[in-house]
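Here's the structure, in C-alpha cells; my notes come after.
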Amino acid sequence: MLEVSGITQIFGGVTALEDVSFSIKKGDITGVIGPNGAGKTTLFNIISGIYTQSSGHVLLNNVDVSGQPPEKLARLGMVRTFQNIELFGGMTVLENVMVGLHTKSSSGLLACSLRMPWSRSEELNIRTAALKWLEFTGISELAEVTAGNISFGKGRLLEIARALAVEPGIILMDEPAAGLNSRETLGLARLIQRIRDLGITVVLVEHDMDLVMDICDRLLVLNLGRKLAEGTPQEIQENREVIAAYLGDAD
Amino acid sequence: MNRDMIKFLGFAALILAVPFALSGGYLMNVLVFVGIHTMLAIGLNLLLGYAGQISLGHAGFFGLGAYLSGILTATYGWNPWLAMPLAAAVVGGLAFLIGFPILKLKGHYLAMATLGMGIIMYITFNETIGLTGGPSGLSGIPNIAIGSLTFDSDKKNFYLIWSFTLGMILLTLNLANSRIGRALRAVHDSEVAAQVLGINARLLKVQIFALSAVISSIAGSLYAHTMTFISPASFGFNFSVELLTMVVIGGLGSIYGSFLGAALLTLLPEFLRAAQDYDIIIYGAMLMMMVMFMPRGLVRGVPDLLRKLLKKRGGKHA
C-alpha cells in the first residue's frame with residue numbers, strides 16, 4: 001500500500017529524519033510512536049506531501065509520489081487529519097464534509113454558475129453522501145451547526161468524517177486522541193476499527209499507548225529521527241531498545 | 001422553486017420597478033452607477049469575501065475592459081456586442097497569467113503586488129496616448145444598440161445595466177452555493193486542509209481571480225458604452241480602494257451585501273451634497289461608525305445590531 005524508503009529530512013543544519021524506511025500493508029492499522037521530537041509529524045508531513053523530503057522516496061500503490069502536492073495525493077487515495085484540527089470554521093458541519101466530496105464531483109465554473117441539471121443532481125449526491133459520513137462518525141445531529149462552534153472532540157470526529165468523504169484507500173491521522181477525554185478516546189478506538197473494516201488502511205501517530213496497543217496491528221518506533229524498531233505491539237513492548245528510549249537506559 | 005430563487009425574483013422585481021417610482025433624470029443616472037458598482041463589488045467579493053484573497057488593483061481590470069471596448073468601437077468601428085466579450089476574454093486571460101505568480105503571495109504582500117498591478121495599468125492608460133487619448137480621455141464611444149433600439153437615455157441605460165447586474169447576481173449566487181463556492185470558502189478558512197482533501201487551491205485562486213477580472217471588464221465595457229467618454233481618472237488607485245470599501249461595508253462573502261455596499265457608497269455622496277463642504281467629513285464618519293458597529297457588514301450587521309438591542313431591552317425587564 002504505502003512504501004517509504006530512505007527518507008531523510010534536513011531543516012537547516014538539523015537532521016529531523018535520517019534514512020527511514022518501512023512499508024505498510026493494506027488493511028492494517030499501523031501506529032507510529034516515539035518520544036517527543038522523534039520526527040513523527042515530520043514523517044507525516046512528508047508522506048502527505050506538505051513537506052518535500054531532502055532525499056528518499058514515497059511509493060503509494062507502487063507509484064512513486066515523492067514531492068507530489070497534497071491535492072494530487074488526495075486524488076490518488078491518501079488523506080490525512082491534523083493534530084490541531086483544521087476545520088473550515090465559517091462553514092456548517094455538513095458543508096465541511098461536503099468539501100471532502102470535492103474530488104467526487106466535477107461541475108466547473110460555468111456549470112455551477114448556470115446551475116445546470118447535472119450539477120444540481122451532483123449537488124444532491126454530495127449532500128446525501130456527506131450525511132452518510134456524518135452518521136458513520138455519529139455527529140449527524142450537528143449537521144447544521146457552524147463548525148467553529150463545536151467542541152474539540154466533535155471537531156476531531158468531523159475532521160475524520162471529512163477525510164473519509166474523499167473515499168481514501170489510506171488515511172493518516174496525526175495524534176487523533178490528543179485533547180480527547182477517556183470516553184471520547186474509547187469511541188475513537190472503535191471508530192478507527194470501523195474505518196479499517198471499510199477496507200481503509202490506517203496510519204496514526206499517537207502518544208496514547210493504551211490506544212495504540214489496543215488497536216494497532218503493527219507499530220513503527222522512531223527515535224531521534226531514526227527508525228528504532230518495527231513489529232507487532234507485543235514485540236515492541238518487549239523490545240529492549242524501545243524500553244530504553246522511553247524510560248532511559250538502565251546502564 | 002426554492003427560497004433563494006424567490007428572494008432573487010423579489011429583489012429583481014423591486015429593482016426593475018424603480019424607474020416607475022422615479023420621474024427619471026439625474027437620480028436615474030446615479031442608479032446606473034449603482035448597477036455598475038454592484039457588478040464590480042460582486043466580482044471583487046468573490047475574490048476577497050469567498051476566496052479570502054485581496055486585490056487593490058481591480059480598478060485596473062475595470063479600466064482595461066472599458067478601454068478595450070472603447071478603442072475597438074470608437075477607433076476601429078467594431079460592434080459593442082463583439083467588443084465586450086473580446087475585452088472580457090483578453091482581461092480574463094491576462095488576469096489568469098498574472099494570477100499564477102501573484103497569488104503565491106499572501107496578505108500584505110498580495111495587497112502590494114495587486115496595488116502595483118493596478119498602478120501599472122493606470123499609467124498605461126495615461127501614457128499610451130495614441131491608443132487611449134491619454135489624460136484627456138477617449139470620446140465618441142458608441143452606445144450599445146439592439147436592432148433599432150439604442151440605449152442612449154438614462155432610463156434605457158438603467159434597464160441595460162441592471163439586466164446585466166441582475167444576471168450577474170443570479171450567476172454568482174449559484175456559484176457561491178455550489179461545490180466551487182464551498183471550495184473557495186474552504187481555501188479561505190484553511191488552505192492546507194482544503195489541499196489535503198484534493199482541492200487545487202492555487203489553481204482555484206487563479207481561476208477566481210480571472211473570473212473576478214472578467215466581471216470587472218464587463219462592467220468596464222458597459223461603463224464605456226453608457227458614458228460614451230472615458231478617462232484614466234476613473235480607473236485609479238482611489239477607485240480600487242472605493243471598491244474594496246463597498247465589499248467590506250456590504251459584507252464579505254455576501255452577494256446582496258455587495259449590492260448594499262455599492263448602493264450606499266454611490267448614493268451617500270449624492271444625498272450628502274446638502275451638507276455642502278461638510279459632506280466628506282460626514283461620509284468618513286459614517287463609514288468609520290459602520291465598520292466599528294457592524295464589522296460583519298450591512299447585510300449581517302443590521303440583524304446583529306437589532307439582536308443586541310433587543311437583548312439589552314430584555315435584560316432590563318428581567
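Kindly indicate whether A:Ile29 is away from chain B (no Cβ under 12 Å), crowded, with 18+ Cβ neighbours inside 10 Å and under 14 Å from the mean Cα position of the chain (by Cα). Yes.
Condition check: of a type in the set (D, E, K, R), within 14 Å of chain B (Cβ to nearest Cβ) and in a helix (DSSP H, G or I). Does A:Arg115 satisfy that? The answer is no for A:Arg115. Per the listing A:Val145, A:Val97, the residue uniquely crowded, with 20+ Cβ neighbours inside 10 Å and over 25 Å from B:Met168 (Cα atoms) is A:Val97. Taking residues in the stretch A:2-30 that are within 15 Å of A:Glu230 (Cα to Cα), and partners anywhere that are basic (Lys, Arg) and surrounded by fewer than 16 Cβ atoms within 10 Å (Cβ to Cβ), the pairs with Cβ atoms closer than 8 Å and at least 6 places apart or on different chains are A:Asp19/A:Arg226; A:Val20/A:Arg226.
Hey, does the stretch A:61-77 have a residue that's away from chain B (no Cβ under 14 Å), over 20 Å from B:Ala186 (Cα atoms) and in a strand (DSSP E or B)? The answer is yes; a qualifying residue exists. Of all residues in the stretch A:142-173, those that are more than 25 Å from A:Gly77 (Cβ to Cβ) and out of contact with any strand residue (DSSP E or B) (no Cβ under 9 Å at 6 or more places or on another chain) total 7. Would you mind finding the one in B:Gly99, B:Gly118 that is in contact (Cβ under 8 Å) with a residue 60 or more places away in the chain, touching a His at 6+ places or on another chain (Cβ under 8 Å), within 18 Å of B:Gln53 (Cβ to Cβ) and not polar (S, T, N, Q)? Checking each option against the conditions leaves just B:Gly118. Taking the numbered list (1) at pLDDT 90 or above; (2) surrounded by fewer than 15 Cβ atoms within 10 Å (Cβ to Cβ) in turn, A:Gly6 passes all entries but (1). If only residues of the stretch A:88-112 that are within 7 Å of chain B (Cβ to nearest Cβ) and touching a residue at least 60 places away in the same chain (Cβ under 8 Å) are counted, the one that is farthest from A:Leu131 (Cα to Cα) is A:Thr103. Output the number of the condition that B:Leu64 fails; it satisfies all remaining conditions of (1) surrounded by fewer than 23 Cβ atoms within 10 Å (Cβ to Cβ); (2) of a type in the set (A, V, I, L, M); (3) assigned to a helix (DSSP H, G or I). The number of the failed condition is (1).
This table checks each residue for (1) touching a Ser or Thr at 6+ places or on another chain (Cβ under 7 Å); (2) outside the structural domain of A:Glu95 (by TED's automatic domain parsing); (3) not aliphatic (A, V, I, L, M).
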| site | (1), (2), (3) |
| --- | --- |
| A:Ala130 | no, no, no |
| A:Trp133 | no, no, yes |
| A:Lys154 | no, no, yes |
| A:Ala161 | yes, no, no |
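Counted as qualifying within the stretch A:165-251 are the helices (runs of 4 or more DSSP H) with 3 or more residues that are among the basic types (Lys, Arg), namely A:182-197.
Determine whether A:Ile50 is under 19 Å from the mean Cα position of the chain (by Cα), without any contact (Cβ under 8 Å) to a residue 40 or more places away in the chain and buried (at least 16 other Cβ atoms within 10 Å of the Cβ). Here the answer is yes, as A:Ile50 does meet what is asked.
The values are calculated or read from the model by the stated rules, or taken from the named source; none is laboratory data. Note that the structure is predicted; figures quoted are calculated from it, not measured. Because the Cβ atoms are built from the backbone with ideal geometry, glycine has one as well, and the counts that use them run over all protein chains shown.
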